[in-house]
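Structure, as structure tokens:
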Amino acid sequence: DPSHSLLQEVVNQLVNLYNQGQFVVVAERAEILTKQYPDEYVAWNLLGAANISLEKFEKASEALKKVTELNPNYAIGFNNLGIALKNQGKLNDAVKTFKKALLIKSNYPEAYNNMGNALQDQGKSDEAINAFKKSISLKPDYAQAYYNMGVTLKEQGRLESAIDTFKKSIAIKPDSHQSYNNMGNIFQNQGKLDKAL
């Protein structure tokens, strides 16, 4: 089907632009694509993902709900929808949506990490830590999940565990300035100013 291979080519171009951070261009072109191919969930997903990156979360949610309707077995669509919902403060809906993503694809570290963030925002820190641990067990070099777990441990007052976790994040991603900053704050609060510096 020539029209499908053309669509695939356009989608690949948009994915490349997305990976280069060209979110405005991707959002504009994906919107046109969804009008040309209203049943193509991949076009709607690109529109949603670009709008998340542009912090237009309501617009993103609308596009991503369409993705999950068009393809109820597309875990990425549910994960992205969860991110959009979380950023709108719809935490219960976000957690349910991440769980749907994980029902479709149980070995999905990003969905566990994102669910952990939503649980953390709900004040469910033990559940959040379990989600981060699951994420890391699936993807041992997941610096962002270590960082998020470190933040949760810090908020629980488990400072030594938090420091160890931030160190793991830094070992994977040496430019993890957020981890350094959080460790510095812990050391400062402990009165260990030399370490804080």
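The values are calculated or read from the model by the stated rules, or taken from the named source; none is laboratory data. The structure presented is a predicted model; accordingly, all values stated were derived computationally and were not measured. Here the Cβ positions follow ideal geometry from the backbone for every residue, glycine too, while neighbour counts run over all protein chains shown. Heavy atoms of the whole protein, side chains included, go into the accessibility calculation; ligands, DNA and RNA do not. Shrake-Rupley method; radii C 1.70, N 1.55, O 1.52, S 1.80 Å.
Of the residues making up the range 50-65, those that are farther than 15 Å from Lys100 by Cβ and open to solvent by 60 Å² or more (accessible area, probe 1.4 Å) number 5.
Per the conditions (1) loosely packed, with under 14 Cβ neighbours inside 10 Å; (2) under 10 Å from Asn113 (Cα atoms), the sole criterion not satisfied by Ile136 is (1). Figure legend. Inter-residue proximity from the range 19-48: first residues touching a residue at least 60 places away in the same chain (Cβ under 8 Å), second residues open to solvent by less than 60 Å² (accessible area, probe 1.4 Å) and outside any helix (DSSP H, G or I), beta-carbon distance below 8 Å, spacing 6+ or different chains. No pairs are indicated.
Inspect all residues belonging to the range 40-49 and state whether any of them is surrounded by fewer than 18 Cβ atoms within 10 Å (Cβ to Cβ) and part of a helix (DSSP H, G or I). No, every residue in the range 40-49 fails to be surrounded by fewer than 18 Cβ atoms within 10 Å (Cβ to Cβ) and part of a helix (DSSP H, G or I). Of all residues in the range 107-130, exactly one satisfies the criterion of being open to solvent by 50 Å² or more (accessible area, probe 1.4 Å), among the polar types (S, T, N, Q) and under 16 Å from the mean Cα position of the chain (by Cα), namely Asn107.
Lys192 satisfies every condition listed in (1) within 30 Å of Ser106 (Cα to Cα); (2) open to solvent by 60 Å² or more (accessible area, probe 1.4 Å); (3) of a type in the set (D, E, K, R) except (1).
One line per residue, one yes/no per condition, for (1) in contact with a helix residue (DSSP H, G or I) (Cβ under 7 Å, 6 or more places away or on another chain); (2) part of a loop (DSSP other than H, G, I, E, B); (3) under 26 Å from Glu55 (Cα atoms); (4) without any contact (Cβ under 8 Å) to a residue 40 or more places away in the chain:
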site: Ser106; (1), (2), (3), (4): no, yes, no, yes
site: Glu110; (1), (2), (3), (4): yes, no, yes, yes
site: Ala145; (1), (2), (3), (4): yes, no, yes, yes
site: Val151; (1), (2), (3), (4): yes, no, yes, yes
site: Gly157; (1), (2), (3), (4): no, yes, no, yes
site: Ser161; (1), (2), (3), (4): yes, no, no, yes
site: Ala171; (1), (2), (3), (4): no, no, no, yes
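Being of a type in the set (D, E, K, R), modelled with pLDDT of 95 or more and assigned to a loop (DSSP other than H, G, I, E, B) holds for only one residue in Glu62, Glu69, Glu55, Glu28, and it is Glu55.
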